[in-house]
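Notes follow the structure.
Readers should treat all values here as calculations from the given coordinates under stated rules, not as data from a laboratory. Note that the coordinates shown come from a computational prediction; the quantities given were computed from them, not determined experimentally. Here the Cβ positions follow ideal geometry from the backbone for every residue, glycine too, while neighbour counts run over all protein chains shown.
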């Protein structure tokens, strides 16, 4: 029977899980304490490793908050995330039904700086699971409308930054227990500076929060699996419910746990019998997980209060991939995106860690290796299947990233050990060398991409211009339209009094933020007011991102006939333009 002793044996690196900072990559459980460090400095660093990581997380949080003004309101947020988040926040704090009348432009919201009723999907609540949006709206009302500390858009984004910082700490604690403190330190550092995680963390309303709750759920389940307790079971359920209340991808959590944690030995029928007995023994915990997940999902979404079966509309819509049709054969695009969106150093260390994890899996049979491999590879595998649709880089299967960074951290620790073999004093030098190379790599990409790290591509594909040749112009661009914030700031500072602005692509982002980021004398022309003459007697600016798949006639006219008066370039590639229409004669 798979009792407590058997459970602990499955996670084999448990005999010496809290491995010192020179973790052995070959078998971290066999390091002798007397050989761990060769100097007092290394001993002190090992003892202070928790504090070092805490400091790193604090720096991450401070830098994340300080950089919020560089990131704008994004495509999906403007479509509906911000609108529904605020409506649910109002409802849950007042229980006034009018806030669930999504077709009504309420007077209380009309007085606020953001014109959220301009959201095109404000009448389609079934598209927007509520949790991250509601908490983000609470942050907005507290830190912007009540305390006046932040711009309302920055305050709405603040929750994601805080959540990401908290995740880094729990991520480190998990990694330190199962891989050692040095691999854990590297893994946290790699994730913290990963360009697409850092960039999306500032504004991504779905993928980053869901990835975080997804990862926390996996980690808490592992803790429960080792030492079952009802409080841990409740935590697993609440985190699973939280992930599902952000994005449908959370339905794959059971598959990760089933394949990555449960013991599967197809050659031994006794394993199946023992597994069945163990499931019966802890059935009440699994029931608690399921009920708490469903309960949080339902309670967090006021749209379902009148009829819980309305959730079916959301799952049906997601099952059709929002009406999109995927490639009928296996797709290598997601894997190519994974390889080309990793910084070069991290990619090398990830591939090393991946190979080592496969070796350790067959050598030790420890479950931690199987978990990391399944957690990392399953999201990539499922988005590559025939018929599946992927766009906007890696964000639609971002769940692979935390385990990938754990593998990269393990690869880095292994490399340090190999290079310093028989030269213990070199361990610190090798570790600092990895940090130096990472710093150079990060500084280089920030110089070329900041604040557009979320569209980063590495040198293997030739940067942004090379990626366009492979993935297409509409895919490799500022698909979030965050650059509109910088564009509006330029127009606010340079447009003559009485000017007009048209945004033929994602016009709602300008309509929502006009009262915050534009002078009141600048008129914003909505999409239905664009007359198609492309000339005016007064200054008319046209601003849009370089995403040809969404071009209107006006956008095509500008790109074919006019020269931009302002543009934003990323890695030498223009991603957003501002044009000035010719005056009428």
Counting only the backbone N, which residues of the range 553-585 are under 14 Å from the spot 7 Å out from the Cα of residue 538 toward its beta-carbon?
584
Given points 7 Å out from each Cα along the Cα-Cβ axis, report the residue 460 to residue 262 separation in nanometres with one decimal.
3.4 nm
What percent do you get for the relative contact order of the chain when only Cα pairs under 8 Å and 6+ apart count?
17 percent
So for the range 484-580, averaging the separation of alpha carbon pairs under 8 Å that are six or more residues apart and normalising by length, what relative contact order in percent results?
31 percent
Taking Cα atoms, how many degrees apart are the long axis of helix 152-178 and the longest axis of the chain, rounded to 10 and kept between 0 and 90?
10 degrees
Measure nothing fancy, just the Cα-based angle from helix 82-94's long axis to the longest principal axis of the chain, in degrees from 0 to 90, nearest 10.
80 degrees
Relative contact order of the range 544-585 (C-alpha contacts under 8 Å, at least 6 apart) in percent is 41 percent
Restricting to DSSP H runs of at least four residues, report the calculated mean residue ellipticity at 222 nm for the chain, -39500 (n - 2.57) per run over all residues, nearest 500 deg cm²/dmol.
-17500 deg cm²/dmol
Relative to the chain, whose Cα atoms define the longest principal axis, helix 49-66 and its Cα axis are tilted in degrees, nearest 10, by 10 degrees
Please arrange 440, 368, 568, 339 by counting, for each residue, the other beta carbons lying within 10 Å of its beta carbon, fewest first.
440, 339, 568, 368
Please list log₁₀ I(q)/I(0) at q = 0.11, 0.12 Å⁻¹ for the chain, using the Debye equation with identical point scatterers on the alpha-carbon positions.
-1.08, -1.25
Share antiparallel - DSSP beta bridges, the range 484-580, percent rounded to 5:
60 percent
Per-residue Cβ contact counts at 10 Å, fewest first, order 153, 294, 525 as 294, 525, 153
Ordered by fewest other Cβ atoms within 10 Å, a rough proxy for footprinting exposure, 151, 207, 265, 422 read 422, 265, 151, 207
If you split all Cα-Cα distances of the range 354-404 into 5 Å bins from zero, what percentages do you get per bin, shortest first?
4, 21, 25, 19, 14, 10, 6, 1
Could you compute how fast the range 399-440 diffuses translationally, taking Rh as the Kirkwood radius over C-alpha pairs and applying Stokes-Einstein at 37 °C with viscosity 0.692 mPa s? Give it in µm² per second.
299 µm²/s
Looking at the chain, what % of its DSSP beta bridges pair antiparallel, to the nearest 5?
60 percent
Hey, quick one: spin label on residue 329, modelled 7 Å out along Cα-Cβ, who in the range 468-500 has an amide N within reach, i.e. under 18 Å?
471
FRET efficiency, residue 97 to residue 309 (Cβ-Cβ, R0 22 Å, nearest 0.05)
0.65
Please compute one quarter of the surface area of the Cα convex hull for the range 483-585 and express it in square nanometres.
6.4 nm²
